[in-house]
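Okay, so here's the structure we're looking at.
The values are calculated or read from the model by the stated rules, or taken from the named source; none is laboratory data. Since we're looking at a predicted model, the values are computed, not measured. We place every Cβ from the backbone using ideal geometry, glycine too, and count neighbours over all the protein chains shown. When the accessible area is computed, the model is the full protein with side chains, heavy atoms only, and any ligands, DNA or RNA have been set aside. Shrake-Rupley method; radii C 1.70, N 1.55, O 1.52, S 1.80 Å.
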Amino acid sequence: REKAVAVCNAILEKYPNSLDALLLKSDLLKEEGNAAEALATLETAYSYAPFDAPLAYNLAFEYAEAKNSKALALSDSLIRMDQSQKHAEPYYIKGVYYQNIGNMAQALQFYDQAIQRDYNFLDAYMDKGRILYNQKKYAEALKTFSLPATITPTYADAYYWMGRSQEALNQKADAKQNYQRAYSLDKTLTEAKEAAEKL
């Protein structure tokens, strides 16, 4: 990775506004665990191309992950730019920011808004469901996790979390079935296999 970062730096010395090199460098730094420099590199890329929507969404999400309130201002500007009012991402990003700073009520509100914009936005359901689960609202969590499984019947994570919610509700047979379903769809979900074996 160090060599790849060095290659990016060499390109950037010649072409400081090369978006591809900046984005690749940001990804490499993030993989190395250097989140602060990865974010700074992404900010530089955005300063050269503020009208690049995918880049703006990416930067807003990284701000949210870093608990940086710039996530809110950038998401708001993305909401204003979205004349078709079809994009759920800015609302989801605001939800992630509030969840990361521990404001679960606000997070739930924005996840709901993301789902209203795009019924198929799976991440919003999953994050909302995990908050409800952690709040011990298991029946509500189960209902929330059931929706992504309906939208995408091959989505293993949804079945795993349905299983966890059912186990918490003492619905052990159903929980076991969903754990097994999750593992059959995604063999890397070994925690689902172990949970099924325990029941």
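Taken over the stretch 60-73, the criterion of being hydrophobic (A, V, I, L, M, F, W, C), surrounded by fewer than 22 Cβ atoms within 10 Å (Cβ to Cβ) and in contact (Cβ under 8 Å) with a residue 12 or more places away in the chain is satisfied by Phe61, Ala66, Leu72. Of all residues in the stretch 118-132 being open to solvent by 40 Å² or more (accessible area, probe 1.4 Å) and out of contact with any Phe, Trp or Tyr (no Cβ under 6 Å at 6 or more places or on another chain), which is nearest to Ala175 (Cα to Cα)? Of everything passing the filter in the stretch 118-132, Arg130 is nearest to Ala175 (Cα to Cα). Residues in the stretch 1-31 that are more than 18 Å from Ala49 (Cα to Cα) and outside any helix (DSSP H, G or I): Arg1 only.
Tell me, please, whether a residue that is modelled with pLDDT of 95 or more, closer than 19 Å to Phe61 by Cα and open to solvent by 50 Å² or more (accessible area, probe 1.4 Å) can be found in the stretch 136-153. No, the conditions are met nowhere in the stretch 136-153.
A Cβ distance below 7 Å, combined with a sequence gap of six or more or placement on separate chains, defines the contacts here; from the stretch 103-132, residues that are on the phi > 0 side of the Ramachandran plot and touching a residue at least 24 places away in the same chain (Cβ under 8 Å) reach no residue that is open to solvent by 60 Å² or more (accessible area, probe 1.4 Å) and part of a helix (DSSP H, G or I). Going through (1) farther than 29 Å from Leu147 by Cβ; (2) open to solvent by less than 50 Å² (accessible area, probe 1.4 Å) one by one, Leu108 falls short only on (1). Residue-level check: of (1) part of a loop (DSSP other than H, G, I, E, B); (2) surrounded by 15 or more Cβ atoms within 10 Å (Cβ to Cβ); (3) among the hydrophobic types (A, V, I, L, M, F, W, C), Phe51 misses just (2).
Go through the stretch 1-29 and give me each residue that's among the basic types (Lys, Arg) and in contact (Cβ under 8 Å) with a residue 24 or more places away in the chain. Before you say what the answer is, go through the steps one by one.
Kept after step one, since they are among the basic types (Lys, Arg), are these residues of the stretch 1-29: 1, 3, 14, 25.
Within the stretch 1-29, Arg1 is the sole residue that qualifies.
Of the residues making up the stretch 158-190, those that are surrounded by fewer than 19 Cβ atoms within 10 Å (Cβ to Cβ), in contact (Cβ under 8 Å) with a residue 24 or more places away in the chain and under 18 Å from Gln135 (Cα atoms) are Ala168, Leu169. Where helices (runs of 4 or more DSSP H) sit wholly within the stretch 76-182, those with at least 2 residues that are over 20 Å from the mean Cα position of the chain (by Cα) occupy 138-151, 156-168.
I'd like to know if the stretch 40-51 contains one or more residues that are out of contact with any Leu (no Cβ under 7 Å at 6 or more places or on another chain) and touching a residue at least 12 places away in the same chain (Cβ under 8 Å).
no
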